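One structure is given below, encoded as structure tokens.
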Amino acid sequence: MSKILACIDASPYGTSVCEHAAWAASLLNAEVDLLHVLDRAPDAPPTDVSGSIGLGASEHLLEQLTQLDADRGRLRMERGRALLAEAERRVRDAGVSEVEVRLRHGGLVDTVHEMESEFRLVVLGKRGEHVDFAKAHLGGSVEQVVRASALPVLMATRAFKPVKRILLAFDGGPSARKAVDFLISEPRLHAFDCHVVMAGRPRDAQVHLAWLSERFSAWGGAHTVRQIDGEPEAVITDYVAANDIDLLVMGAYGHSPIRRFIVGSTTTAMIRIALLPVLLFR
């Protein structure tokens, strides 16, 4: 049985990550592993402060600071266990019977990279708990995981919505073709209404469209393939709104402006589209 890695933190996306992971597990007949990573909090002082407070500081003060650091670490461990326990309850309540919890120290990006050989898919919220929600950008760790992981990454929105219609934004690049192969290879995905859109007129567009037609001849389910003139950001945004799309699937990298649009973008168009979950492929 394949496995899904769901990254849990204290952000408002926690519940949604659990629900998206459970939904993906039902489609892929997969187990779910819940991961919470204990990295150093942004406002935490360094463990060794003896050099910064001077040689004349009392031994008692150093002991107090060391104890404070230890207490902070213990509290963060307890919070991490509580987050994972609640996440496990939510995933099991959603119908997943095989659930494992993992509490790790380090950085999220490195931890996911080290563990990815065990998994088929990573699920995480669009923003982490330390991101300023008043600013229109992705969480830094989210972008880094997308760049570093060879696995597909499902970016969860703040609220889960049952998926009925899928939009695959296709530019002909290797990662977009990987997304096509993933959709076609999963029989349970064939029940969805799949829309495939090529925005603009990329180089060798007709060759790419012919490849799509051949690949989707084995789909067996409802699907639409279209080439629409215009800038990718506007085309995708308009298509999502006009066709009540529930899930956006695309390559994280490609040969068109879609690459800028997804990875590292801070544009208003990106925020509009990311209001629905996005499944990214490298």
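Centroid-to-centroid, using Cα positions, segment 1-25 and segment 139-160 are 11 Å apart. Within straight-line reach of residue 3, meaning a Cα separation under 13 Å, sit the following aspartates and glutamates at least 8 residues removed in sequence or on another chain: 31, 33, 98, 100, 116, 118. Compute the signed sum of charges (Lys and Arg +1, Asp and Glu -1) over the other residues within less than 12 Å, Cβ to Cβ, of residue 224. Computed value for this residue: +1.
Amide H contacts for residue 196 (H built 1.01 Å from N in the peptide plane; partners 5 or more residues away or on another chain; cut-off under 5 Å): 168, 224, 225, 226. With all protein chains in place and ligands, DNA and RNA left out, the 1.4 Å accessible area ranks 66, 237 as 66, 237, largest first.
On average, how much area does the Cα convex hull of segment 162-252 cover when viewed from any direction, in nm²? Mind dumping the intermediate values first?
Numbers: hull surface 21.8 nm².
Mean orientational projected area (segment 162-252, Cα hull): 5.4 nm².
Model label points for residue 118 and residue 244, set 7 angstrom from Cα along the Cα-to-Cβ axis, are 4.0 nm apart.
Here residue 161 is the anchor, and the aspartates and glutamates within straight C-alpha reach of less than 19 Å, apart from those fewer than 8 places off in the same chain, are 19, 93, 193, 244, 246. Ligands, DNA and RNA are left out, and with a 1.4 angstrom probe the accessible area of segment 74-229 is 51 Å² per residue.
The values are calculated or read from the model by the stated rules, or taken from the named source; none is laboratory data. Note that the coordinates shown come from a computational prediction; the quantities given were computed from them, not determined experimentally. Note: ideal-geometry Cβ built from the backbone for every residue, glycine included; neighbour counts use all protein chains shown. Surface accessibility is based on the protein's heavy atoms, side chains included, excluding ligands, DNA and RNA. Shrake-Rupley method; radii C 1.70, N 1.55, O 1.52, S 1.80 Å.
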